[in-house]
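The values are calculated or read from the model by the stated rules, or taken from the named source; none is laboratory data. Owing to the predicted nature of the structure, the values given are computational and were not obtained by experimental measurement. Methodologically, a virtual Cβ is constructed for each residue, glycine included, from the backbone with ideal geometry; neighbour enumeration extends over all protein chains shown.
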Amino acid sequence: MRYSATPLETIARKKFTADAERLMALIAENAAVGIVLGLPLNMDGSEGPRAQSTRAFARNLARLVPIPIAFWDERLSTSAVTRTLIEADMRRSRRAEVVDKLAASYILQGALDRLRSG
């Protein structure tokens, strides 16, 4: 229905094959209809090595999955989530455990909100 993003798990990047296998399993388990990848742009909006690596990952993944892959600007997502966690008085060690998962949810929610608004 595209209403809200819910974090599932953080996949620690290893090798493409292992990462892709885990993603394909999550896609099947959750009947996913699309993938949104955070695009790590530089603060000036340009693409550096990390963004290029993300695009290469998406090209390789697109050969394996039958669903669309989109990119979403991930600038400031981690800092926005961290601010929220600090405001919620979450201790630093716990924030470190959840910030990546919640930043991914934040990125996906932004994409879903844009889809909903047309």
Which numbered condition ILE107 fails, given (1) in contact with a Ser or Thr (Cβ under 7 Å, 6 or more places away or on another chain); (2) loosely packed, with under 13 Cβ neighbours inside 10 Å; (3) aliphatic (A, V, I, L, M): (2)
Can you tell me which residue is surrounded by the most Cβ atoms within 10 Å (Cβ to Cβ) among those in the stretch 34-79 that are more than 15 Å from the chain's Cα centre (by Cα) and within 21 Å of LEU112 (Cβ to Cβ)? VAL65
Considering GLU21, GLU29, which residue is farther than 20 Å from THR78 by Cα and loosely packed, with under 10 Cβ neighbours inside 10 Å? GLU29
Name the residues in the stretch 6-18 that are without any contact (Cβ under 8 Å) to a residue 24 or more places away in the chain and under 17 Å from ARG63 (Cβ atoms), would you? LYS15, THR17, ALA18
Is there a residue being of a type outside the set (Asp, Glu) and either touching a Leu at 6+ places or on another chain (Cβ under 7 Å) or assigned to a helix (DSSP H, G or I) (or both) anywhere in the stretch 33-40? yes
Would you point out which residue out of LEU85, LEU112, LEU37 is of a type in the set (A, V, I, L, M, F, W, C) and out of contact with any Lys or Arg (no Cβ under 6 Å at 6 or more places or on another chain)? LEU37
Over the stretch 73-118, the set of residues outside any helix (DSSP H, G or I) and either modelled with pLDDT under 85 or of a type in the set (A, V, I, L, M) (or both) is LEU76, ALA88, MET90, GLY118
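Go through the stretch 74-111 and give me each residue that's of a type in the set (D, E, K, R) and either in contact (Cβ under 8 Å) with a residue 60 or more places away in the chain or within 20 Å of VAL33 (Cα to Cα) (or both).
Once the filter is applied, which keeps residues that are of a type in the set (D, E, K, R) and either in contact (Cβ under 8 Å) with a residue 60 or more places away in the chain or within 20 Å of VAL33 (Cα to Cα) (or both), the stretch 74-111 yields ASP100, LYS101.
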Among the listed residues ALA32, ALA58, identify the single one that is hydrophobic (A, V, I, L, M, F, W, C) and either under 17 Å from GLY110 (Cβ atoms) or out of contact with any strand residue (DSSP E or B) (no Cβ under 7 Å at 6 or more places or on another chain) (or both). ALA32
